[in-house]
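A short worksheet on the structure shown next.
Quick note: the coordinates plus some simple rules give every number you see, no bench work behind them. Predicted model, so just to flag it, every value in this text is computed and none were measured. Every residue, glycine among them, receives a Cβ derived from its backbone with ideal geometry; neighbour counts consider all protein chains shown.
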Amino acid sequence: MKAAIFRGPRDVEVGTRPDPVIQAPTDAIVRVALACVCGSDLWYYRGESPHAVGSIGHEFIGVVEETGSQVDGVAVGDLVVAPFIYSCMSCPHCLNGSTISCVQGGNFGNGTIDGGQGEAVRVPLAGGTLVPVPGSGHSDDMLRSLLALSDVMSTGHHAAVSAGVGKGDTVAVVGDGAVGLSAVLAAHRLGAERIIALSRQPRRQELAREFGATDVVEARGDAATATVLALTGGVGVDAALECVGTAQSIETAFSIARPGSTVGIVGVPHGEVPFARTFFRNVGWRGGPAPARIYIPDLMADVLAGTINPGRVFDHETDLDHIGEAYAAMDERRSVKSLVRVSSL
Ligand SMILES: [Zn+2]
Ligand SMILES: [Zn+2]
């Protein structure tokens, strides 16, 4: 089959991998319809994090083509959303909602295990992992929004849930990438009244407003903090959502969080939490990699009802033959998020 192959930094191209086959009775084979490139794939692309040569990509939707003898819950022909990791949904961590820590779980597209950026994927623990999509004849817009549940929308939602966003809250979202924009949408969905998006790019600001942002702050660093504090009467926000992970964005998130609040963190940290300073303001933090598998059913219901449309984050499209361009567009910030159209349903 055709699949994206990571060969090294700035070298992701289409190549061939063996057609996946059922290896364990809990496996399923999924024919990929839509896939996409993740912000975290860019770390590998830029050489900032190591990645094995081979398969890559962990966000995809597709149709179940074959199931092992012990797969319950999904059947051949089902349209399914794959969370960005696979998990069993029966171990103590999965049962506690921490699918990311599944004792049997693992990563798609790690060089060896099939990646989402390919024609087909062998999905381990398929009954626990895959979420079937009810109904048929979904529009392309809806399919794009279902794809966003695989990672970015679930991750943005995790930031909002971790920070305890609730009705009437004032929320600030630090980061205007696909996850930050999804966090705006998630905060809006959870009833936040005022949502301050920190963004400098007109196109991203526009999408943030479409997703529910009421205010846009273009400043960065200390100036951003001063602006957000001014907007909130000097109090700070009820919930700060950190969706970048740089030292500066972490600093900003903690400095705009009001005393007694919780910062939601989903940006993979490249900085430190200012521990002593947050202690004296009773500011906490929660977050980490999203348990997407736990969130997908509720978010999917809203996508299917047409009340959220997270697929709007995809503003660039290629096919597998042009996968290198999908990466380059995001790397050069020409695109918020690249969609890869693999096959039609
Ligand atoms: Zn991802
Ligand atoms: Zn598990």
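What the table below lists for this structure:
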read-out	value
Dipole magnitude (debye, nearest 20) for region 56-175, charges at Cβ of Lys, Arg, Asp, Glu	360 debye
The chain: antiparallel DSSP beta bridges as a percent of all, rounded to 5	55 percent
Folded to 0 to 90 degrees: helix 292-305 orientation relative to the chain principal axis, Cα	90 degrees
Dmax and Rg, reported as Rg then Dmax, of region 72-175 (C-alpha, Å)	15.6, 46
Angle between the chain longest axis and helix 247-256 axis [Cα atoms, degrees, rounded to 10]	50 degrees
Sum of side-chain charges, Gly111 neighbourhood, beta-carbon under 12 Å (Lys, Arg +1; Asp, Glu -1)	+1
Ser154, Ser55, Ser136 arranged by Cβ crowding within 10 Å, fewest neighbours leading	Ser136, Ser55, Ser154
Top positive-direction residue, dipole computed over the chain with Cβ charges, set Gly264, Pro18, Val71	Gly264
When the chain is reduced to its Cα atoms, the Kirkwood hydrodynamic radius in Å	20.1 Å
The chain: relative contact order in percent, alpha carbon pairs under 8 Å with at least 6 residues between	19 percent
The chain - mean residue ellipticity at 222 nm from DSSP helices (-39,500 (n - 2.57) per run, n ≥ 4, rounded to 500)	-8500 deg cm²/dmol
For region 156-287, convex hull volume per residue from C-alpha positions, Å³	81 Å³
Environment charge at Pro124 (Cβ cut-off 14 Å; Lys +1, Arg +1, Asp -1, Glu -1)	-1
Rounded to 10°, Cα long-axis angle of helix 221-231 versus longest principal axis of the chain	70 degrees
Cα centroid separation, region 261-325 to region 172-231 (Å)	14 Å
Residue-count net charge about Arg194 - beta-carbon cut-off 10 Å; Lys, Arg +1, Asp, Glu -1	-4
Charged-residue dipole, Cβ positions (Lys, Arg, Asp, Glu), the chain about Cα centre, Debye nearest 20	760 debye
